1. What are the residues in the stretch 1-25 that are under 14 Å from Gln77 (Cα atoms) and in a helix (DSSP H, G or I), if any?
2. Check whether at least one residue in the stretch 68-78 is surrounded by 16 or more Cβ atoms within 10 Å (Cβ to Cβ), over 19 Å from Lys5 (Cβ atoms) and touching a helix residue (DSSP H, G or I) at 6+ places or on another chain (Cβ under 9 Å), and report yes or no.
3. With respect to the numbered conditions (1) polar (S, T, N, Q); (2) assigned to a helix (DSSP H, G or I); (3) open to solvent by 30 Å² or more (accessible area, probe 1.4 Å); (4) out of contact with any Ser or Thr (no Cβ under 9 Å at 6 or more places or on another chain), which one is the sole condition not fulfilled by Thr95?
4. Which one of the conditions (1) over 21 Å from Gly23 (Cβ atoms); (2) without any contact (Cβ under 8 Å) to a residue 60 or more places away in the chain; (3) surrounded by 24 or more Cβ atoms within 10 Å (Cβ to Cβ) does Glu175 fail to meet, given that it meets all the rest?
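The values are calculated or read from the model by the stated rules, or taken from the named source; none is laboratory data. Remember, it's a predicted structure, so these values are computed and weren't measured experimentally. As a convention, Cβ positions derive from the backbone with ideal geometry for all residues, glycine included, and neighbour counts pool all protein chains shown. To get the accessible areas, we keep the full protein, side chains included, count just its heavy atoms, and leave off ligands, DNA and RNA. Shrake-Rupley method; radii C 1.70, N 1.55, O 1.52, S 1.80 Å.
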Amino acid sequence: MYSKKPLQKFLDDLSSKLPAPGGGAAASLTGALGAALVSMVANFTVGNEKYKNVEAEIAPVLNMTESIRNKLTKLIQADVDAYSKFSIAYKLPKTTDKEKHSRQLAIESAAKDALEVPMQIAICCYEILKLCPILLEKGNPNLVSDVGCSAILANAGIKLAYLNVKINMSSITDEIFKRKKIKAIEFMLNDGEKFTRSLVNGTLNKIK
């Protein structure tokens, strides 16, 4: 489990000739960094007497962002595991027509499973974006730049996840499945971009 190993180990493996971790795991780590920054801002708000009047609103945000961060941390390993299943399917024999058919079914099943990981990453990152506005408005103002950084990281996580969803679709023939997934992630991609621009602008206005 990469979550139990030093960050250096993950980065070394990511940069090596190993087939995994790859872009999906990087997307999950990017999102987890965004979630961690939201948690930091919330932690510097909750329990501070200066912001006692907003603690009841910020405390639930802290619980949510920590839950998202934990999920994204687990998705790093889930992406690695999904790729392993995909790799095994590709190595199945393909000598006879029956073997070819079985191999194709296995590849498609593995591709669908692999696609679900970046979909979940995108959903988590989108949820992070939705938690940023209240911290921008009511969180500790000394950390307002971290809210903007969190939004940028979460948005980047969605974009990275989108690319990984797209590449997995190349191995899937189920058009109904593909249309459903692409519609969902393109919504998050487009809305996330607009949302992030608004949050960054809001951050810059507060820094002034």
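1. Tyr2, Ser3, Lys4, Leu7, Lys9, Phe10, Leu11, Asp13, Leu14, Gly23, Gly24, Ala25, listed by residue number.
2. yes
3. Of the numbered conditions (1) polar (S, T, N, Q); (2) assigned to a helix (DSSP H, G or I); (3) open to solvent by 30 Å² or more (accessible area, probe 1.4 Å); (4) out of contact with any Ser or Thr (no Cβ under 9 Å at 6 or more places or on another chain), the odd one out for Thr95 is (2).
4. Just one mismatch for Glu175, condition (3).
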